[in-house]
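Below you'll find the structure, written out as structure tokens, and then a few comments.
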């Protein structure tokens with residue numbers, strides 16, 4: 001299982017502009033999604049992310065290069081996993097339930113909470129809408145891939161089923177994903193490896209560890 005320390009950004013919080021956060025994360029260390037756990041879906045787009053926090057919010061930036069891009073879903077909690085999609089799952093303590101944050105390349109998101117892929121409760125719209133995002137196409141016309149980046153600001157208040165005032169010092173379990181169920185080449189790429197017969201990201205036992213410094 002993977003392990004990652006999440007750095008604290010002094011003076012940066014949920015009120016900091018996404019433009020500033022994006023610039024900071026550009027300079028932060030990047031982690032790559034390297035695992036393609038299911039042989040029937042061998043395509044692996046290039047996916048990296050950087051992550052940090054400001055006590056009252058988690059900041060993530062994804063850097064993606066893939067052959068094709070799909071962005072059909074544009075309403076909150078629509079099935080963004082069918083599009084060009086990145087995901088962040090996080091759980092607290094030893095409880096079996098966890099949060100799933102799923103975003104397509106234009107920032108449309110789906111956020112739920114539960115213990116497995118069939119036991120999900122969507123967060124109230126007014127909570128999910130607290131997540132801020134900045135999406136950008138970065139493709140070079142001379143390349144065979146299309147590039148896009150997505151910067152996320154997730155306030156701790158979005159962890160709706162927990163009373164979290166600060167994430168500083170917490171140890172959590174988490175995984176990061178890239179998928180695209182209805183792309184020409186469906187794919188399932190992970191940060192922490194999964195050993196399971198068929199594609200399923202909702203397996204908490206394979207989450208890695210995050211320590212928020």
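Computed values, structure above
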quantity	calculated
Condition check for residue 21: under 25 Å from residue 179 (Cβ atoms), in a helix (DSSP H, G or I) and either within 15 Å of the chain's Cα centre (by Cα) or touching a residue at least 24 places away in the same chain (Cβ under 8 Å) (or both)	yes
Selection status of residue 162, in a loop (DSSP other than H, G, I, E, B), in contact (Cβ under 8 Å) with a residue 12 or more places away in the chain and closer than 17 Å to residue 33 by Cα	no
Out of 68, 75, sole residue that is surrounded by fewer than 24 Cβ atoms within 10 Å (Cβ to Cβ), in a loop (DSSP other than H, G, I, E, B) and touching a residue at least 60 places away in the same chain (Cβ under 8 Å)	68
Residue 47 being within 22 Å of residue 145 (Cα to Cα), within 12 Å of the chain's Cα centre (by Cα) and in contact (Cβ under 8 Å) with a residue 40 or more places away in the chain	yes
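Matching residues to (1) surrounded by 12 or more Cβ atoms within 10 Å (Cβ to Cβ); (2) within 14 Å of residue 89 (Cβ to Cβ); (3) at pLDDT below 95; (4) out of contact with any helix residue (DSSP H, G or I) (no Cβ under 9 Å at 6 or more places or on another chain):
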position: 114; (1), (2), (3), (4): yes, yes, no, yes
position: 120; (1), (2), (3), (4): yes, yes, no, yes
position: 127; (1), (2), (3), (4): yes, no, no, no
position: 131; (1), (2), (3), (4): yes, no, no, no
position: 134; (1), (2), (3), (4): yes, no, no, no
position: 140; (1), (2), (3), (4): no, no, yes, yes
position: 145; (1), (2), (3), (4): yes, no, yes, yes
position: 160; (1), (2), (3), (4): yes, no, no, no
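The values are calculated or read from the model by the stated rules, or taken from the named source; none is laboratory data. Only a predicted model underlies this, so the values are computations on that prediction, with no experimental measurement involved. Neighbour counts run over all protein chains shown; Cβ positions are idealised from the backbone, glycine included.
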